[in-house]
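Nothing in this text is a laboratory measurement; each read-out follows from the coordinates by a stated rule. Everything numeric here is computed off the predicted structure, so don't read it as measured data. Reconstructed Cβ throughout: ideal geometry from the backbone, glycine too, with neighbour counts over all protein chains shown.
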């Protein structure tokens, strides 16, 4: 009876240990997927620091510029948001297609996502050029608090860099997945990155554009 | 013949389309609310609340965290929320700074 108890306690000790000792994956995800999640968390903290610093300066400033008229700026930013959200749906479709082994279709959906990213970048650069043409620089602008330019270009520039890297990343994955060099897990992990880029914009759109909308 | 006979569990496509619809709806609502004549503090609070809801939908459904093992969720999310909350500690100082300025 004593030996049976010992076996039972040994079994339970092993099963308790195995979950966290690396014998069994404690998170039930691949290491590279966990790696992407950890990157996302760290990048989320980077963006949070910038966004909170921006909000601080925005709240503390009396004469923060409101240079964005409804047409074309706010409409343009809203279209950019719709484009990013739509590209998130196309990446969901790519992941679904990859899971059932439809390599060609998955690559096609990934390319549709890349197209969304490129369109987003084009619209954003157009917006930047418009502001630069009106005299907005990193440390001054024609309207009010000089920090407007610095915060605007830093926040949106860092995000645009993420979108551009995402487009290249998705392109590599689409190319490799079509040629069986990558697996469905790689498509899913690239999708995680793309959704994160989309998620960050959900905060930048209201903070940077809507709170600086020109009101009548 | 590129499809292979694999049996994987996939959530219905309809769920993702519904979430996408909600996200578009929230975006339109934000744009509409931005033109209400509210105090900046209230506007910031309302818009950030909507953004947090949108972010939660993206994380839960598009990033699939809702369907992952609870240990992964509990490792990632509370730590992230805690760090962001700590970053907000100095934020009320912005209101003090604004009120200190001569009007």
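Report the Stokes-Einstein translational diffusion coefficient (µm² s⁻¹, integer) for chain A, Rh taken as the Kirkwood radius over Cα pairs, at 20 °C with viscosity 1.002 mPa s. For these conditions, the coefficient is 108 µm²/s. Each residue in A:92, B:39 was given a count of other beta-carbon atoms within 10 angstrom of its own, and listing them fewest first yields B:39, A:92. Mind checking the angle between helix B:13-33 and chain B's longest principal axis? C-alpha axes, 0 to 90 degrees, to the nearest 10. Here the helix axis deviates by roughly 10 degrees. Over chain B, dividing the summed -39,500 (n - 2.57) contributions of all DSSP H runs of at least 4 residues by the number of residues returns a 222 nm mean residue ellipticity of -21000 deg cm²/dmol.
Just so you know, the Rg over Rh for segment A:109-216 is 1.09, from Cα atoms, with Rh as the Kirkwood radius.
Centre-to-centre, using Cα atoms only, segment A:64-95 and segment A:102-176 are separated by 11 Å. Counts of other chain beta carbons within 10 angstrom of each beta carbon in peptide A:31-40 average 2.
For the Cα atoms of chain A, what angle does the longest principal axis make with the long axis of helix A:75-99, in degrees from 0 to 90, nearest 10? The answer is roughly 20 degrees. The alpha-carbon atoms of segment A:33-84 define a convex hull whose volume equals 84 cubic angstrom per residue. Relative contact order for segment A:30-212: 32 percent, from Cα pairs under 8 Å spaced at least 6 residues apart, divided by residue count. In degrees, nearest 10, range 0 to 90: what is the angle between the Cα axis of helix A:31-60 and the longest Cα principal axis of chain A? Between helix and principal axis, roughly 30 degrees.
From helices alone, chain A scores -26000 deg cm²/dmol at 222 nm; the rule is -39500 (n - 2.57) for each run of n ≥ 4 DSSP H residues, then divide by the residue total. Provide the FRET efficiency to the nearest 0.05 for the residue B:83-residue B:17 pair, computing r from the beta carbons and using R0 = 35 Å. Result of the calculation: an efficiency of 0.60.
Under the simplified labelling scheme, the residue A:46-residue A:179 pair shows an inter-label distance of 2.9 nm, with each label point 7 Å from Cα along Cα→Cβ.
Work out, in µm²/s and without decimals, the Stokes-Einstein translational diffusion coefficient of segment B:13-100 at 25 °C, 0.890 mPa s, Rh from Kirkwood over C-alpha pairs. D, rounded to a whole number, is 158 µm²/s.
Eigen-decomposition of the gyration tensor built on the alpha-carbon atoms of segment A:167-216 gives equivalent ellipsoid semi-axes of 36, 10, 5 angstrom, largest listed first.
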